[in-house]
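The values are calculated or read from the model by the stated rules, or taken from the named source; none is laboratory data. Bear in mind that the values here come from a model prediction, so they are computed numbers and not experimental data. A quick note on method: Cβ atoms are made from the backbone with ideal geometry, for glycine too, and the neighbour counts reach across all protein chains shown. Please note that ligands, DNA and RNA were not included when accessible areas were found on the heavy atoms of the full protein model with its side chains. Shrake-Rupley method; radii C 1.70, N 1.55, O 1.52, S 1.80 Å.
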Amino acid sequence: MSSLAVRKAAPAAGTTPGTAQGPPLRGRIALVPTLTLLLGALYCLLPVAWVVIAATKSGRELFSTFTFLPGTGFTQNIKDLSAYRDGIYWKWMGNSALYAGLGALLSTAVSAVSGYALAIYRFRGRETIFNVLMAGVLMPPVILAIPQYLLMAKADLTDSYASVLLPLVLSPYGVYLARIYAAAAVPGDVVEAGRMDGAGEWRIFTRVALPMMVPGLVTVFLFQFVAVWNNFLLPYIMLSDDEKFPITLGLFTLLEQGSNTPALYTLVITGALLAIIPLVALFLVIQRFWSLDLLSGAVKS
């Protein structure tokens with residue numbers, strides 16, 4: 001019995017007595033995904049760091065100093081950007097806020113109604129409609145740009161705010177997300193109970209189903225807001241009046257002029273940095289909402 005215990009306690013051949021063999025190997029394996037995530041974060045954050053630092057440099061410092069060495073011209077860059085063509089940059093920012101805010105709000109409303117109907121109601125052709133929407137999710141936006149322009153031209157709506165807003169109201173991906181979330185978050189028994197109590201379909205949707213769908217709709221709003229804010233191709237095709245340009249198209253025209261006037265490069269970089277701030281602020285606000293919703297769900301359960 002004692003000899004058996006001694007044999008079990010003896011270290012394996014080729015190993016050092018008193019050292020554990022399993023944990024170091026597992027630690028080295030666990031280090032690989034951590035390093036991969038760090039490299040991915042560095043890849044994503046390095047351009048952002050460059051924009052932040054480059055926005056602090058004057059036109060002379062931008063081309064003569066080390067890339068990641070901060071400059072002294074950030075305040076002057078903002079003043080020059082605000083003074084450029086009587087502050088047209090802020091007009092572009094306002095246009096982007098209008099397109100993204102109103103477009104995302106309308107798209108979320110359409111997605112909520114459509115997703116709820118596809119998830120709750122049973123009618124002929126429901127799966128066909130959903131499959132068509134899925135095809136729309138897979139369709140690259142560049143394919144739809146020219147047909148949308150021709151439709152807007154036929155309706156005499158080109159070079160107007162509506163020409164950018166109307167094509168964005170229906171988001172196939174938003175409808176898909178709303179349908180999936182409604183099917184998971186709105187129990188059929190609750191809908192039937194509302195009908196038995198005499199509530200109409202619209203009342204059931206607005207008073208019962210919609211509050212349950214809010215977290216999913218917030219996600220739809222965020223995705224659509226970011227997509228519209230970053231949209232370049234549709235305004236580029238639809239608009240010719242630079243007073244109606246969003247920030248993406250406005251910075252593009254400013255960058256084109258910078259090829260002949262290098263001093264405009266600092267304005268483009270500073271404008272790009274300022275254009276990121278609304279998206280970051282929106283994400284932080286919505287992230288807080290998600291946290292509150294999770295906490296309230298935990299309390300209710």
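Values as computed for the structure displayed
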{"item": "Ranked order, Trp202, Trp90 - accessible area, probe 1.4 Å, largest first", "result": "Trp202, Trp90"}
{"item": "Relative contact order %, region 74-300, counting alpha carbon pairs below 8 Å whose residues are six or more apart", "result": "33"}
{"item": "Additional length obtainable on full extension of the chain from Ala135 to Ala281, 0.36 nm per residue less Cα span", "result": "49.3 nm"}
{"item": "Theoretical gain in end-to-end length, Thr75 to Thr253 [0.36 nm per residue, Cα-Cα removed]", "result": "61.8 nm"}
{"item": "Solvent exposure of the chain as accessible area per residue, Å², 1.4 Å probe", "result": "60"}
{"item": "Kyte-Doolittle mean at least 0.0 and Cα axial length at least 15 Å: DSSP H helices in the chain", "result": "22-54, 88-120, 126-138, 141-154, 172-185, 210-229, 247-258, 264-300"}
{"item": "Estimated [θ] at 222 nm from DSSP helical runs (n ≥ 4, -39500 (n - 2.57)) normalised by residues in the chain, nearest 500", "result": "-25000 deg cm²/dmol"}
{"item": "Around Val191: net Lys/Arg minus Asp/Glu count, Cβ-Cβ under 14 Å", "result": "0"}
{"item": "For the chain, convex hull volume per residue from C-alpha positions, Å³", "result": "293"}
{"item": "In nm, spacing of pseudo-spin labels at Ala153 and Phe123 (7 Å Cα→C-beta vector)", "result": "3.5"}
{"item": "GNM flexibility winner over the chain from Pro187, Pro33, Pro70 (Cα, springs under 10 Å)", "result": "Pro33"}
{"item": "Inter-label distance for Trp202 and Ala183, nm, one decimal - labels placed 7 Å from Cα along Cα-to-Cβ", "result": "2.8"}
{"item": "Of all accessible heavy-atom area on the chain, the percent that carbon and sulfur account for (1.4 Å)", "result": "70"}
